[in-house]
Amino acid sequence: MKTKKRGCLYWLKLLGFGLLGGIVFTAILIEIMYIADTVKPAPSVVGELPAAVDGRAYEQVDLYNEADDIHLSGWYLPSTNGAAVILLHGYGSNRLEMLSRANVLAAHGYGVLLYDLRAHGESEGDKRAFGWEDVSDVKAALDFLAGREDVDPDKIGILGFSIGGQIALRAAAEYENIAAVIADDPAYVTIDDAPPAASGSEKFAYFVSWVDGRGVSLWSGIPIPAGVPEILPAISPRPILFIDTGTGGGRKYIRYLYELAGEPKTLWEIPETYHGGQFNTRPEEYSAKMVEFFDIWLLQN
């Protein structure tokens with residue numbers, strides 16, 4: 001029997017299929033590694049209590065989310081003006097990320113409560129999922145503040161950075177006793193949060209985001225909640241201050257949220273800095289805007 005000769009075209013096709021299969025396999029492997037890393041806890045040692053502010057000492061606090069049986073580790077510095085602010089850090093970080101902001105607010109008389117998000121820092125939790133479950137933890141923080149003699153429960157604000165900013169917006173839509181919100185460069189994590197794609201590259205980025213979100217949901221067993229644009233109108237008539245950095249897709253996203261939000265709302269843009277660099281880039285202006293916002297909406301209303 002004669003053996004059929006294989007031409008160059010055959011071997012080129014075979015090589016092409018092999019390369020394509022290798023690329024697909026590598027892409028799937030990278031995606032699985034990303035999802036696994038995204039979901040796993042991010043513990044870290046926070047350290048000793050911070051220095052006192054104007055003679056007022058920080059206290060170690062334990063917040064308990066009874067519904068999920070989760071203990072959250074945090075710090076609280078008591079209020080002298082009757083108002084308090086909850087501060088939420090970004091993904092993979094811990095409460096130390098918000099300490100500079102907390103100290104500024106504390107110096108102006110505010111009570112400040114900053115804690116490690118679930119499965120972050122020194123808080124309990126066996127998985128993370130883009131902050132989707134963390135909204136109920138904010139209720140534990142609100143209950144803690146409402147039980148304090150130094151805090152008027154009608155004068156509680158929230159400030160979140162990145163994923164903390166998204167959690168802050170979701171929590172404000174859920175809990176009416178949050179009187180004012182600062183969403184500091186809030187992150188978007190799935191296409192459910194994003195503005196419509198305007199180019200082929202954006203469509204590809206959104207596809208990757210779609211895969212990421214569904215992968216994290218499947219891996220963690222946590223369903224994807226409604227997109228931030230859907231819940232945003234529920235916050236009005238409580239005020240929102242959006243803080244934006246950079247000039248790319250993040251700016252487009254935050255402008256999109258700003259347009260969807262009800263009044264009263266404010267947008268402050270810091271184009272010369274990066275995600276996470278806003279406070280260090282303009283510390284005096286940031287401090288002034290933050291304090292002024294909470295003074296108006298927590299103390300004067």
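Filter the stretch 261-279 for residues that are outside any loop (DSSP other than H, G, I, E, B) and in contact (Cβ under 8 Å) with a residue 60 or more places away in the chain; which is surrounded by the most Cβ atoms within 10 Å (Cβ to Cβ)? Can you show your working first?
Here is the first cut: in the stretch 261-279, the residues outside any loop (DSSP other than H, G, I, E, B) are 265-270, 278-279.
Restricting the remaining residues to those that are in contact (Cβ under 8 Å) with a residue 60 or more places away in the chain gives 278-279.
Details: Gln278: 23, Phe279: 21.
Among residues in the stretch 261-279 that are outside any loop (DSSP other than H, G, I, E, B) and in contact (Cβ under 8 Å) with a residue 60 or more places away in the chain, the one surrounded by the most Cβ atoms within 10 Å (Cβ to Cβ) is Gln278.
Note on the stretch 90-122: among residues that are over 16 Å from the mean Cα position of the chain (by Cα) and of a type in the set (S, T, N, Q), the one that is nearest to Ile163 (Cα to Cα) is Ser100.
Just name the residue that is nearest to Leu241 (Cα to Cα) out of those in the stretch 147-158 that are out of contact with any Ser or Thr (no Cβ under 8 Å at 6 or more places or on another chain) and assigned to a loop (DSSP other than H, G, I, E, B).
The first filter runs over the stretch 147-158 and keeps only residues out of contact with any Ser or Thr (no Cβ under 8 Å at 6 or more places or on another chain), leaving 147, 149, 152-158.
This time we only want the ones that are assigned to a loop (DSSP other than H, G, I, E, B), so: 147, 149, 152-155.
Details: Gly147: 27, Glu149: 28, Asp152: 22, Pro153: 21, Asp154: 19, Lys155: 16 Å.
Only one residue tops the list, namely Lys155.
Mind telling me which of the residues Val39, Val53 ends up being over 26 Å from Phe293 (Cβ atoms) and either surrounded by fewer than 20 Cβ atoms within 10 Å (Cβ to Cβ) or of a type in the set (A, V, I, L, M) (or both)? It would help to see each step written out before you state the result.
On the way: Val53 fails: over 26 Å from Phe293 (Cβ atoms).
Unique residue meeting the criteria: Val39.
For Ser217, state whether it is surrounded by 13 or more Cβ atoms within 10 Å (Cβ to Cβ), out of contact with any His (no Cβ under 6 Å at 6 or more places or on another chain), farther than 23 Å from Val112 by Cα and of a type in the set (S, T, N, Q). It would help to see each step written out before you state the result.
Working: surrounded by 13 or more Cβ atoms within 10 Å (Cβ to Cβ): yes; out of contact with any His (no Cβ under 6 Å at 6 or more places or on another chain): yes; farther than 23 Å from Val112 by Cα: yes; of a type in the set (S, T, N, Q): yes.
Answer is yes for this residue.
Applying the criterion of at least 1 residues that are surrounded by fewer than 24 Cβ atoms within 10 Å (Cβ to Cβ) to the strands (runs of 3 or more DSSP E) found wholly in the stretch 60-146 leaves 70-77. For Glu149, indicate whether it is free of Cβ contacts under 8 Å to residues at least 24 places away in the same chain and over 20 Å from Pro50 (Cβ atoms). Taking the combined requirement at face value, the residue satisfies it.
The requirement of being touching a residue at least 24 places away in the same chain (Cβ under 8 Å), hydrophobic (A, V, I, L, M, F, W, C) and surrounded by fewer than 16 Cβ atoms within 10 Å (Cβ to Cβ) is satisfied by Ala226. Annotation: Asp212 fulfils all but one of (1) farther than 21 Å from Glu133 by Cα; (2) part of a helix (DSSP H, G or I); (3) acidic (Asp, Glu); the unmet one is (1).
A short reminder: the numbers here are calculations on the coordinates, not readings from a lab. The structure displayed is predicted, hence computed values, not measured ones. When we count neighbours, we look across all protein chains shown, and the Cβ atoms used for this are built from the backbone with ideal geometry, even at glycine.
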